[in-house]
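Reading through the structure tokens given below for one structure.
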Amino acid sequence: MVRIGIGYLLQETNTFSPVRTSLADFSLCRGEEVLSRWRGTRTEIGAFLDAAAGAGWTPVPLFAGWAITAGPLYQTEFSAMRRMVADTVSEAGPLDGILLALHGSMCAEDTGDCEGVLLEEIRRAAGHSCPLALTLDLHANLTTRMVSAADVIVAYRTYPHTDMYDTGLEAAALLGRVLRREFHPAMAMVKLPLIVPAENMQTSHGPFAEVWRVAAGCAAADPAIQSVSVFGVQPWLDIQEMGCAVLVVADRQLASAQSAATQVARRFWDLRNEFEVELLQPAEAIQRALAVQGGPVILAESSDSPTAGSPGDSAEMLEALLAHAPGQTAAVWLRDPGAVEQAWERRPGSDVDLTLGGAFDKVNRRPVRVRGRVRSLSDGVFRLKGQWNHGMRVEMGRTAVIEAGAVSVVVSQHSASMIDPELYRSQGIEPRDLKLVVVKSPNGFRVDYSPFAAAILLVDTPGISSANLRTLNYRRLPRPIHPLDATEWY
């Protein structure tokens, strides 16, 4: 009987966020509950469970949890997480292997590399002879600590992310080959003095697609190479050992892995200036949108993206819509617990006079007064139905839909990803039927919105996940680094 430990613990940190993360935000489950909650989802852990069934392994569910991007974990909460991880692996008994999914950019108040620390805890608990295959988001900040603690690391190859399940299957297949002694992994990492905005990091076209083309060519040219991962790293991390990276996994041949990683990294560096993006001020973006025939036109406000760590409390686009697009059908979401409570004190159909926005980010946001009508109230629970984490349950807490003229404003108690149109649809709003739709996401929304969007425009508002990286107050990351400094690498 082959016993494989299976774990899933993801959070992407934005160190500029004023909202701290707690252990409760992960909705953690352990043991058998992992199977009931996550089996059948198109996630890495869903793939681990399916692969185990196919291989005849006995899955040993360890822990599973996911928290939306926000500020660093409270240090005491991270200490509790470390103990939970170590105790759970120890209590699982002897394991023949481990399949683990992490994000790769989780931070605590005093710990910049949470994944590296957790991997070391797992190593101590399971033993260094137990092979460990790890999946990471391609926005992970890969560190030497992570590479030292894992036997195999595989990253997503798509952005917007649609291959979490496939990445899990790949990691499981490589672990199976290790267990059968068909594969002896050797990993090489190259770190670059580089960060890039996420808005132009698509893997279907553009500079990042070219980097991945070179990666695929390296893998095809050398039979020793088993996997190549390119880490564009999410740029809202102000920590040490920060920067884009390339990782190559080879069979025994470390020199082959190092050569390929260097080749891919050099191409990444050569294309660094091509990652710049055009950003429009809100009024200009709306003016351009109204000139587009048909709809919907997607206005992407990435500076307040919850999946990039922003609180989601910006009302700037709402204010702009009311001022510059009167009578145009539109939808916008924001997080404002106080406004939700006021709406819940009334019934659907009641008039309301509220201030919305600026509930968390007091530096970049300002409240906006809105008069409207309560259209509906809900518990804010829905499941993702798009290509990103299909089947995952989302709980955005008490939610209200306020009609302000022709604009439908979804206001929720908790933060939520805007990647999937289901956020709006769960509240009775069909984005296809509108002229303007505000989506607070840098890029991930494209996979499910692009098929029906008449146009997509990137909006520039101030915020802690801005695409204009030069506006962020970096203090700890290694310098010099592009694009903040003039620097050369090779």
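The values are calculated or read from the model by the stated rules, or taken from the named source; none is laboratory data. Everything quoted here is computed from the prediction, not taken from an experiment. Here the Cβ positions follow ideal geometry from the backbone for every residue, glycine too, while neighbour counts run over all protein chains shown.
Just so you know, in region 173-211 the residues that are among the small types (Gly, Ala, Ser) and outside any helix (DSSP H, G or I) include one that is nearest to Tyr490 (Cα to Cα), and it is Ala188. Among the conditions (1) modelled with pLDDT of 95 or more; (2) assigned to a loop (DSSP other than H, G, I, E, B); (3) small (Gly, Ala, Ser); (4) touching a helix residue (DSSP H, G or I) at 6+ places or on another chain (Cβ under 6 Å), the only one that Ala331 does not satisfy is (2).
Set side by side, the residues Arg373, Arg366 differ, and just one is assigned by TED's automatic domain parsing to the domain that holds Ala315 and outside any loop (DSSP other than H, G, I, E, B), which is Arg373.
Of all residues in region 54-80, those being surrounded by 17 or more Cβ atoms within 10 Å (Cβ to Cβ) and free of Cβ contacts under 8 Å to residues at least 60 places away in the same chain number 12. If you filter region 422-450 down to residues that are outside any helix (DSSP H, G or I) and of a type in the set (D, E, K, R), you find that the one that is farthest from Gly405 (Cα to Cα) is Lys440. Considering region 222-325, the qualifying strands (runs of 3 or more DSSP E), each wholly inside and each with 1 or more residues that are within 30 Å of Phe183 (Cβ to Cβ), run over 225-231, 245-251.
Here Arg83 meets each of (1) of a type in the set (D, E, K, R); (2) surrounded by fewer than 21 Cβ atoms within 10 Å (Cβ to Cβ); (3) closer than 27 Å to Leu477 by Cα with one exception, condition (3). Close contacts from region 419-441, counting a first residue that is touching a residue at least 12 places away in the same chain (Cβ under 8 Å) and a second that is of a type in the set (Phe, Trp, Tyr) and part of a loop (DSSP other than H, G, I, E, B), with Cβ to Cβ under 7 Å and a gap of 6+ residues or different chains, come to Ile419/Trp388; Ile419/Phe445; Asp420/Trp388; Arg432/Phe452; Val439/Phe445.
Just one of the listed residues (Ala416, Ala325) is modelled with pLDDT of 95 or more and at negative phi, and it is Ala325.
For Ser376, the test of being polar (S, T, N, Q) and touching an Asp or Glu at 6+ places or on another chain (Cβ under 9 Å) is failed. When Ala101, Ala64 are screened for being in contact with a Cys (Cβ under 7 Å, 6 or more places away or on another chain) and in a strand (DSSP E or B), only Ala64 passes.
Looking only at residues of region 131-149 that are free of Cβ contacts under 8 Å to residues at least 40 places away in the same chain and more than 15 Å from Tyr8 (Cβ to Cβ), we find that the one that is surrounded by the fewest Cβ atoms within 10 Å (Cβ to Cβ) is Ser148.
Among residues of region 91-104 that are of a type in the set (Asp, Glu), those with a Cβ under 7 angstrom from a residue that is in a loop (DSSP other than H, G, I, E, B) and surrounded by fewer than 23 Cβ atoms within 10 Å (Cβ to Cβ), sequence gap 6+ or separate chain, pair up as Asp96/Val2. Pairing residues of region 7-35 that are in contact (Cβ under 8 Å) with a residue 24 or more places away in the chain and closer than 18 Å to Gly116 by Cβ with residues that are among the charged types (D, E, K, R) and surrounded by fewer than 20 Cβ atoms within 10 Å (Cβ to Cβ), at Cβ distances under 8 Å and at least 6 apart in sequence or on separate chains, gives Gln11/Asp25; Thr15/Asp238; Thr21/Glu77. The residue that is farthest from Ser466 (Cα to Cα), among those in region 332-385 that are touching a residue at least 24 places away in the same chain (Cβ under 8 Å) and of a type in the set (S, T, N, Q), is Ser350. When Leu271 is tested against the conditions (1) surrounded by fewer than 24 Cβ atoms within 10 Å (Cβ to Cβ); (2) assigned by TED's automatic domain parsing to the domain that holds Ser441, the lone failure is (2). Among the residues of region 234-255, those identified as in contact with a Lys or Arg (Cβ under 7 Å, 6 or more places away or on another chain) and either without any contact (Cβ under 8 Å) to a residue 40 or more places away in the chain or more than 24 Å from Ala219 (Cβ to Cβ) (or both) are Asp238, Ile239, Gln240. The residues of region 29-45 that are within 18 Å of the chain's Cα centre (by Cα) and either in a loop (DSSP other than H, G, I, E, B) or polar (S, T, N, Q) (or both), listed by number, are Thr41, Arg42, Thr43.
Which of (1) over 26 Å from Gly463 (Cα atoms); (2) touching a Phe, Trp or Tyr at 6+ places or on another chain (Cβ under 9 Å); (3) assigned to a loop (DSSP other than H, G, I, E, B) does Phe48 not meet, given it meets every other one? The one condition Phe48 does not meet is (3). No other residue among Gly217, Gly168, Gly243, Gly176 is under 30 Å from Leu458 (Cβ atoms) and at pLDDT 95 or above apart from Gly243. Being at pLDDT below 95 and either under 23 Å from Ile153 (Cα atoms) or not assigned by TED's automatic domain parsing to the domain that holds Leu23 (or both) is the filter here; which residues of region 68-114 pass it? Within region 68-114, Ile68, Thr69 qualify. From Val249, Val211, grab the single residue that is among the hydrophobic types (A, V, I, L, M, F, W, C), buried (at least 21 other Cβ atoms within 10 Å of the Cβ) and within 18 Å of Thr158 (Cα to Cα). Among Val249, Val211, only Val211 is among the hydrophobic types (A, V, I, L, M, F, W, C), buried (at least 21 other Cβ atoms within 10 Å of the Cβ) and within 18 Å of Thr158 (Cα to Cα).
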